[in-house]
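Asks: Quick one: structure below, then a few questions.
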Amino acid sequence: MKLVKEVIARFPADVAVLDPFSGTATTTLTAAEHGNSALSFDINPFLIWLGNVKCRSYSVEHLAFVQDGAQQAIGRIPALMKKDNWTPPLFNIERWWSAGTLKVLAALRTGPVEVFGEPAEDRTDGLAWVAFCRLVIETSAAAFNHVSMSFSSETTHHEVEHVADLYLAILDAVLASSGAQLQGWGQVVEVDARAIPEMGRRFGLVVTSPPYPNRISYIRELRPYMYWMKFLEEAREAGEMDWKAIGGTWGVATSRLNGWKPNGKSLPEILTDTVGRIAKSNGKNAQLMATYVLKYFYDMHLHLSSLPNVLEPGAELHYIVGNSSFFGNIVDTPAILTASMQRLGYEDAASVIIRKRNCNKALFE
Ligand SMILES: C[S@@+](CC[C@H](N)C(=O)[O-])C[C@H]1O[C@@H](n2cnc3c(N)ncnc32)[C@H](O)[C@@H]1O
């Protein structure tokens, strides 16, 4: 938020802001707080839902309604515990939660469904569901480290009272941070950033952070939320969704890469050089990794080709990107994207290093 704030603070409130890779809607929310109108795109239905929940203004009455509804849901747990409640079809679910905790979570989930409806139905605002998302992670054996997720070796059994208290405490924190009225306006819509259509509106400022070419899969990381919130119903869908994602690499998305070829775009030389070096290295699956990098930048090139459909003349763009390394071959993301931009007629492209990514000295954002 700090980075986004610094950029947006330089612009007047009547500049329309775009984030073509919304994620958790940081740009859109920050812009709306600053008084601007902002729109963001994503292809992940869970993130579109979450972003819209974050970018709404809530009245005091509404927050009280959510709190009452959650209390009702909690009251229903003892009765619901006697039933067989729906649990998400997550692979190896026993690694995430003990059987006992899962039963409590499943009963607790059924309560808000009765009160608020399913998240995807969007009948109410979703704040109670955001709290539930945090609850499932806090009661799980998963640890979200900086880059990726891991499991501790054992799950913990949580009693009904503990889960209920934790849920209400999390909900309190969510509600306490949802009362501010946004000065501006923000929305997240489903658009594939590789093929942005003309939309009848244009943006003077883009602040965004696309996926990095580092084989991290957003779908993989978001699985627990996506299954619990019913935005994913089976593993196959996860792979299909990741194939649409730039840099996606989960399940079928990786196997499809094998047969993938770029289609008639003239790509920058620095990209062909980088891909050639990776392909010729001795790494395991070197050719596949070379194709992964090629497809990542090909998709980013498609994105940059369709972006002018929604830009005002003279628009300013800020991309937070990361480099990566395959078998010791550095993929210089800023240089490759700058070359793509120049090829497509963008002016004054330049990059600065804002921070180191992790203990690997060569990785930066
Ligand atoms: C690095 S994250 C964005 C992080 C964001 N700045 C935040 O604060 O959470 C990149 C996002 O791009 C989305 N994405 C990937 N491929 C996309 C595509 N083809 N079109 C639109 N969004 C895409 C992913 O779903 C993910 O949410």
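Asks: Being without any contact (Cβ under 8 Å) to a residue 12 or more places away in the chain, away from the ligand (no atom under 16 Å from the Cβ) and not hydroxyl-bearing (Ser, Thr, Tyr) narrows it down to one residue among 179, 200; which is it?
Replies: Of the residues listed, the single one that is without any contact (Cβ under 8 Å) to a residue 12 or more places away in the chain, away from the ligand (no atom under 16 Å from the Cβ) and not hydroxyl-bearing (Ser, Thr, Tyr) is 200.
Asks: Identify, please: which residue in the range 20-64 is part of a strand (DSSP E or B) and among the polar types (S, T, N, Q) and is, among those, surrounded by the most Cβ atoms within 10 Å (Cβ to Cβ)?
Replies: Out of the qualifying residues, it is 40.
Asks: Another question, then. Take the conditions assigned to a loop (DSSP other than H, G, I, E, B) and either in contact (Cβ under 8 Å) with a residue 12 or more places away in the chain or in contact with a Pro (Cβ under 8 Å, 6 or more places away or on another chain) (or both) and apply them to residue 247. Does it pass?
Replies: For residue 247, the condition - assigned to a loop (DSSP other than H, G, I, E, B) and either in contact (Cβ under 8 Å) with a residue 12 or more places away in the chain or in contact with a Pro (Cβ under 8 Å, 6 or more places away or on another chain) (or both) - is met.
Asks: Return only the number of the condition from (1) assigned to a helix (DSSP H, G or I); (2) among the polar types (S, T, N, Q); (3) within 16 Å of the ligand (Cβ to nearest atom) that residue 67 does not satisfy.
Replies: With respect to (1) assigned to a helix (DSSP H, G or I); (2) among the polar types (S, T, N, Q); (3) within 16 Å of the ligand (Cβ to nearest atom), residue 67 is out only on (3).
Asks: Please verify whether the range 151-170 includes one or more residues that are hydrophobic (A, V, I, L, M, F, W, C), at pLDDT below 95 and assigned to a loop (DSSP other than H, G, I, E, B).
Replies: no
Asks: To continue, here is another question. Picking from 253, 279, which residue would you name as being farther than 30 Å from residue 113 by Cβ, part of a helix (DSSP H, G or I), within 14 Å of the ligand (Cβ to nearest atom) and over 15 Å from the mean Cα position of the chain (by Cα)?
Replies: Of the residues listed, the single one that is farther than 30 Å from residue 113 by Cβ, part of a helix (DSSP H, G or I), within 14 Å of the ligand (Cβ to nearest atom) and over 15 Å from the mean Cα position of the chain (by Cα) is 253.
Asks: Pick out the one residue from 124, 110, 87 that is of a type in the set (Val, Ile, Thr), modelled with pLDDT of 85 or more and within 27 Å of residue 60 (Cα to Cα).
Replies: Numbers: 124 fails: modelled with pLDDT of 85 or more; 87 fails: within 27 Å of residue 60 (Cα to Cα).
That would be 110, the only listed residue that is of a type in the set (Val, Ile, Thr), modelled with pLDDT of 85 or more and within 27 Å of residue 60 (Cα to Cα).
Asks: Search the range 224-239 for residues being assigned to a helix (DSSP H, G or I) and more than 13 Å from the ligand (Cβ to nearest atom), and hand back the single one that is farthest from residue 335 (Cα to Cα).
Replies: 228
Asks: Further question on the same structure: Residue 295 - would you say it is within 16 Å of the ligand (Cβ to nearest atom), of a type in the set (Lys, Arg) and under 25 Å from the mean Cα position of the chain (by Cα)? Talk me through it step by step, then tell me what you get.
Replies: On the way: within 16 Å of the ligand (Cβ to nearest atom): yes; of a type in the set (Lys, Arg): yes; under 25 Å from the mean Cα position of the chain (by Cα): yes.
Criteria met by residue 295.
Asks: Look through the range 70-84, keep the residues that are touching a residue at least 12 places away in the same chain (Cβ under 8 Å) and outside any helix (DSSP H, G or I), and return whichever of them is farthest from residue 132 (Cα to Cα).
Replies: Here the answer is 83.
Asks: Turning to a different aspect of this structure: How many residues does the range 182-193 hold that are within 8 Å of the ligand (Cβ to nearest atom) and surrounded by fewer than 20 Cβ atoms within 10 Å (Cβ to Cβ)?
Replies: 1
Asks: Does the range 27-50 contain at least one residue that is under 30 Å from residue 114 (Cβ atoms) and of a type in the set (Phe, Trp, Tyr)? Lay out the reasoning, then the answer.
Replies: Going through the range 27-50, the residues under 30 Å from residue 114 (Cβ atoms) turn out to be 29, 42, 44-50.
Subsequent filtering for residues that are of a type in the set (Phe, Trp, Tyr) retains 46, 49.
Yes, the range 27-50 contains at least one residue that is under 30 Å from residue 114 (Cβ atoms) and of a type in the set (Phe, Trp, Tyr).
Asks: Kindly provide the set of residues from the range 148-181 that are buried (at least 16 other Cβ atoms within 10 Å of the Cβ) and closer than 23 Å to residue 33 by Cβ, ordered by number.
Replies: 170, 171, 174, 175, 178
Asks: Moving on. Just for the range 5-60: of the residues that are farther than 19 Å from residue 303 by Cβ and aromatic (Phe, Trp, Tyr), which one is nearest to the ligand (Cβ to nearest atom)?
Replies: 46
Asks: Same structure, new question: For the range 203-223, give me each residue that is away from the ligand (no atom under 13 Å from the Cβ) and among the aromatic types (Phe, Trp, Tyr).
Replies: Of everything in the range 203-223, just one residue is away from the ligand (no atom under 13 Å from the Cβ) and among the aromatic types (Phe, Trp, Tyr), namely 203.
The values are calculated or read from the model by the stated rules, or taken from the named source; none is laboratory data. Just so it is clear, the model here is predicted, and its values are computed rather than measured. Note: ideal-geometry Cβ built from the backbone for every residue, glycine included; neighbour counts use all protein chains shown.
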